[in-house]
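To start, the structure under review is shown below, and the notes come after it.
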Amino acid sequence: MNQNFRGTGMLDDHSYDFGRAKKQEPKTVICPTSIDAIKEALRGPEADIAIRGRAHCTGGQSLTAGGTVIDMKRYSKIGEITEREGIGHIVEVQAGASWKDVFNYCLGRGLIPPVYADWLDLTVGGTVSTGGVGQCSFKKGLQADNVIALEVVTGMGEVLYCDGDENQFLFNLVRGGLGQYGVISRAWVKLETAPKMVAVHKLLYTDLHQYLAAQTKLTEFEKIDGIQSHIVVSEKEELRRRMATDLPEDIYNALTERLYIVEVMQYSCESSDDFMRFLDENLDIQPRYTHSYEMDFWQHANRVPPLLEHPLEQGAPKHHHCCFFIGASRASELLAYVFSQTGHEQAMGKGTILVVPLKRSLIKAPYIVLPGEEDQFFVGILRRHLEPCEFNELIRLNESTYQKILEQGGAIYPVGSGGFLEDPVFWRRHYGNMYKEIVEGKMKYDLRLSPNVNLIARKK
Ligand SMILES: Cc1cc2nc3c(=O)[nH]c(=O)nc-3n(C[C@H](O)[C@H](O)[C@H](O)COP(=O)(O)OP(=O)(O)OC[C@H]3O[C@@H](n4cnc5c(N)ncnc54)[C@H](O)[C@@H]3O)c2cc1C
């Protein structure tokens, strides 16, 4: 049965994204529950159609002024887990499903997706359309690398199955494609055996160079399954929260301006001692600056991540995220530039910086633009301001950071805020010699989707 929602009652919710900085009111909101309803929505009369997972982008990527929003959240059934030769277990899901639902459904059967975000409320279609960085990415690539096939309703209203062999061009375009070529309606996601418990190790650094070098070194140690890290302002309470413990008093007394906290996860708690030995032999950190504990895996994966605990307590601030990939050899210079832009409070509000190490060779989705270096970092500058804040000033900060990223050979992860989204000149530079394939893809599959991302100058 077609249970489309059409009307004005939901429009307010769909006029904002997580950033809450830009308001664009759509004319129509459609929440399809069938493939026919998605097809029908795409054949509708509106000039602009935006696709929405749960709108976690902060720059209006899933908004439209006066057009149609296709809200995928009700297209969210989770299908059978099957086994495929040469691949192992896979789960078939409708793309509006949240990772939380997929994760917990599979975990109940002893399996998990190889890569998952720290915040599981993102949707499958949403993160496949951006890339999907997780703490396991340094070992297993992005979420977009861990779907083996997709079903897409193209902007022309055609339903196509695609994978590495069949409709390969479409399969490549939509992974990291920001909803530019069609609606991802179904995904077949790889699975692996889930652990029951995890060992968590928190490492506190006070020096930027040591902190970055430590993460790259950690990626070499086989018995680690997850690495992510945060840069936060030096505050006793914040540090206690991030380290999940009290530290010796003299550490609090000697805090530097910023703190760098690495979180390491091991699926095998028996390997904890090996990890401590690795630390001792390879990394310059005293045990007093570390904290290790074991935790039930479900609880660990479903916790409100340290990055969000604080914001959720504080109501609904505005976010102006600036996210990018940067080669390991350039990261400390770039981050030093970010720190120098303005005082932490002024530039970041109560936000933090998320850093995740990656390996270039493990990221296979070809149209996700990355720096050339094998060792690199995903960096999310998660500016977060309680009102009132100077919106234009923060956007200006993002813009100047983007310039610096490009000068340093980095690449923008286009989920944040900034004028670049609507600038085809930016996109031509972003894709470089792949740009002509992007234009070809747009011409072939769609010319009106996701209007705030202006890849090929279709708007004035
Ligand atoms: C709290 C928070 C945590 C985050 N954590 C991570 C993280 O761990 N890893 C990471 O990589 N990013 C993360 N992000 C960044 C990014 O915003 C999300 O990856 C992305 O936006 C997915 O969220 P969503 O499912 O709500 O999709 P949306 O934000 O709604 O959509 C993302 C893009 O994909 C398009 N889209 C959505 N669904 C579909 C579909 N079915 N078919 C085609 N196109 C579609 C939209 O038009 C938009 O361009 C996070 C953002 C926030 C605010």
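All of the numbers you see were taken from the coordinates with simple rules; none came from a lab. A quick note: this is a predicted structure, and the numbers were derived from the prediction, not measured. Virtual Cβ from ideal backbone geometry, glycine too; neighbours counted across all protein chains shown.
Taking the range 64-74, which residues are touching a helix residue (DSSP H, G or I) at 6+ places or on another chain (Cβ under 7 Å) and not hydroxyl-bearing (Ser, Thr, Tyr)?
Matches in the range 64-74: Val69, Ile70, Asp71, Met72.
Given the conditions (1) within 11 Å of the ligand (Cβ to nearest atom); (2) buried (at least 24 other Cβ atoms within 10 Å of the Cβ); (3) among the hydrophobic types (A, V, I, L, M, F, W, C), which single one is not true for Leu120? It is condition (2) that Leu120 fails. Scanning the range 143-166 for residues that are out of contact with any Phe, Trp or Tyr (no Cβ under 7 Å at 6 or more places or on another chain), within 13 Å of the ligand (Cβ to nearest atom) and of a type in the set (D, E, K, R) gives a single hit, Asp145.
This table checks each residue for (1) touching a Phe, Trp or Tyr at 6+ places or on another chain (Cβ under 7 Å); (2) free of Cβ contacts under 8 Å to residues at least 60 places away in the same chain.
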site	(1), (2)
Phe138	no, no
Gly141	no, no
Gln168	no, yes
Glu192	no, no
Val198	yes, no
Glu222	no, yes
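Say we look at the range 54-83 and pick out the residues that are closer than 20 Å to Ile148 by Cα and either of a type in the set (Gly, Ala, Ser) or in contact (Cβ under 8 Å) with a residue 12 or more places away in the chain (or both); which of these is surrounded by the fewest Cβ atoms within 10 Å (Cβ to Cβ)? Checked the range 54-83; the qualifying residue surrounded by the fewest Cβ atoms within 10 Å (Cβ to Cβ) is Glu80. For the range 39-68, filtered to residues that are near the ligand (Cβ under 9 Å from one of its atoms) and not in a loop (DSSP other than H, G, I, E, B), the residue that is farthest from the chain's Cα centre (by Cα) is Ala50. Summed over the range 436-460, the residues that are within 23 Å of the chain's Cα centre (by Cα) and not aliphatic (A, V, I, L, M) give a count of 4.
Val232: within 30 Å of Arg52 (Cβ to Cβ) and of a type outside the set (Ser, Thr, Tyr), yes or no?
On the way: within 30 Å of Arg52 (Cβ to Cβ): no; of a type outside the set (Ser, Thr, Tyr): yes.
No; evaluated as a whole, the condition is false for this residue.
Would you check which residues across the range 392-423 are within 19 Å of Gln180 (Cα to Cα), surrounded by fewer than 16 Cβ atoms within 10 Å (Cβ to Cβ) and not acidic (Asp, Glu) and list them? Answer for the range 392-423, where residues must be within 19 Å of Gln180 (Cα to Cα), surrounded by fewer than 16 Cβ atoms within 10 Å (Cβ to Cβ) and not acidic (Asp, Glu): just Gly419.
Please count how many residues of the range 318-369 are assigned to a helix (DSSP H, G or I), of a type outside the set (D, E, K, R) and over 20 Å from Asp118 (Cα atoms).
Total meeting the criteria: 17.
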